[in-house]
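Asks: First, the structure itself, so that you have it in front of you.
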Amino acid sequence: MRVGAAAASATIALGKEQSAAEPWPQSALMSPAALAKKLNSEGARPVVLCVAFPVLYRQRHIIHAEFAGPGRSAEGIESLKKAAANLQKNEEIVIYCGCCPMVDCPNVRPAYSTLTKLGFTNVKVLDIPKNFHTDWVAKGYPVEEQLGVPIGPAARPK
């Protein structure tokens with residue numbers, strides 16, 4: 001699902017916040033730096049749901065993230081619904097995948113659409129332009145391996 005230059009220009013020209021190719025408005029995108037800052041702060045943390053493939057979550061994932069199943073499959077969507085079942089509808093939820101460039105990701109769009117259809121009103125998508133390693137791990141943001149084992153100290157964003 002690539003957004004072509006013409007579609008992007010049309011979206012900008014119309015003054016719309018949401019692209020025709022994305023189910024989320026621009027305001028629902030969260031930068032990795034912004035999420036890392038929230039995770040390292042003393043305040044309330046958002047719920048972070050990983051909608052990537054299980055092997056990616058097991059290798060490394062964002063600290064405190066819960067595996068919610070890959071959004072591209074029916075089983076993954078059911079897992080996502082279970083992960084969200086006890087959350088408040090207005091709770092800040094950040095979903096991410098990172099398996100590939102976000103424009104090609106098969107998991108985030110179905111996951112975002114599912115959560116919003118379930119009535120969640122504060123769903124954010126972690127903006128991962130390239131992949132999880134490049135846009136999160138290599139920048140030193142906090143990660144865990146496997147079942148919550150931290151990898152080194154949590155990096156504080158500058």
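Asks: Hey, can you grab everything whose amide H is under 5 Å from the amide H of PHE67? Only 5+ residues off in sequence or another chain; H modelled, so Pro and N-termini drop out.
Replies: When sequence neighbours closer than 5 places are left aside, the close amide H contacts are CYS50.
Asks: Right, something else. Sort 135-141, 121-127 for me by packing, meaning the mean count of neighbouring Cβ atoms within 10 Å per residue, highest on top.
Replies: Numbers: 135-141: 17.7, 121-127: 19.6.
With the highest mean Cβ count within 10 Å placed first, the list reads 121-127, 135-141.
Asks: Here's another thing I want to ask about it. For ALA33 and LEU118, what is the calculated FRET efficiency with R₀ set at 30 Å and r taken between the beta-carbons, to the nearest 0.05? Could you put the intermediate results ahead of the total?
Replies: Working: r = 28 Å, r/R0 = 0.94.
Using R0 = 30 Å, I get an efficiency of 0.60.
Asks: Please list, in order along region 27-40, the HN-Hα scalar couplings obtained from phi with the Karplus expression 6.51 cos²θ - 1.76 cosθ + 1.60 (θ = phi - 60°), rounded to whole Hz, x for Gly and Pro.
Replies: So the Karplus estimates, Gly and Pro as x, are 5, 8, 7, 10, 6, x, 4, 5, 5, 4, 4, 5, 5, 8 Hz.
Asks: Compute the distance from the alpha-carbon center of region 98-139 to that of region 56-90, in whole Å.
Replies: Measuring centre to centre over Cα atoms gives 11 Å.
Asks: Starting from the Cα gyration tensor of region 22-148, take the square roots of the eigenvalues, sort them a ≥ b ≥ c, and report rounded, prolate or oblate (rounded when a/c is under 1.5, otherwise prolate if a/b is larger than b/c, else oblate). List each step's numbers first, then the result.
Replies: Values: a/c = 1.30, a/b = 1.15, b/c = 1.12.
Rounded is the answer for region 22-148, as its axis ratio a/c remains below 1.5.
Asks: Need the full-extension length gain, GLN59 to SER73, defined as separation in residues times 0.36 nm minus the C-alpha distance. One decimal, nm. Walk me through the numbers on the way to the answer.
Replies: Values: separation 14, 0.36 × 14 = 5.04 nm, distance 2.04 nm.
Net length gain for the segment: 3.0 nm.
Readers should treat all values here as calculations from the given coordinates under stated rules, not as data from a laboratory. Here the structure is a predicted model, which means the values were calculated and not measured. Don't worry about glycine lacking a Cβ; one is built from the backbone with ideal geometry, like all the others, and counts go over all protein chains shown.
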